[in-house]
Amino acid sequence: MTVLSHVDPTAEVVCTLPIRDAGERLNLFGDLVGDRLEDVSRNGDRLRIRLRRDGDSELETRASAWAIEEKGCCAFLGFEIESEPDRVTVDIIAPEGAGATLEGIEWIARTAGRPG
């Protein structure tokens with residue numbers, strides 16, 4: 001795994017994304033996950049999202065860009081990426097007390113990855 005950013009336990013557990021930008025961010029995540037979602041799993045303070053490459057050679061770059069954008073508004077989260085020939089895995093790590101954030105991201109990922 002490549003660590004893009006570490007959890008910041010000193011940062012306030014709050015998203016600072018302006019509401020006017022929320023729709024665009026959700027669309028970006030939806031485009032990233034879309035029909036590539038292979039699996040979403042949660043283990044304590046870690047949410048793992050596995051995405052199939054499906055021939056997308058830029059998937060790791062796009063996943064990294066999304067994670068960097070998320071860190072910009074959710075400074076308390078940490079992000080790691082693992083790239084394999086057939087998939088990209090994004091781990092999102094939360095500090096104590098931020099489990100609801102992971103639950104929300106998990107719900108969005110599952111919804112974005114649902115057909116139809």
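Just so it is clear, none of the values below were taken in a lab; they were calculated from the coordinates. Model, not experiment: these values are computed from the prediction. For neighbour counting, all protein chains shown are included, and Cβ atoms are generated from backbone atoms with ideal geometry for every residue, glycine included.
Points worth noting:
- Ellipticity estimate at 222 nm from DSSP helix runs (n ≥ 4, -39,500 (n - 2.57)) divided over the chain, nearest 500: -12500 deg cm²/dmol
- Evaluated with a Cβ-only charge set (Lys, Arg +1; Asp, Glu -1), the chain carries a dipole of roughly 240 debye about its Cα centre, given to the nearest 20.
- A straight chain from residue 46 to residue 11 at 0.36 nm per residue would run longer than the Cα-Cα distance by 10.9 nm.
- With neighbour counts taken as other beta-carbon atoms within 10 Å, the residues 33, 40 rank, fewest first, as 40, 33.
- Segment 47-116: translational diffusion in µm²/s, Stokes-Einstein, Kirkwood Rh over Cα pairs, 4 °C, 1.567 mPa s: 101
- On the basis of the beta-carbon distance and an R0 of 22 Å, residue 84 and residue 111 show a calculated FRET efficiency of 0.35.
- When the Cα positions of 40, 13, 2 are compared along the charge dipole of the chain, 40 comes out farthest toward the positive end, with charges on each C-beta of Lys, Arg, Asp and Glu.
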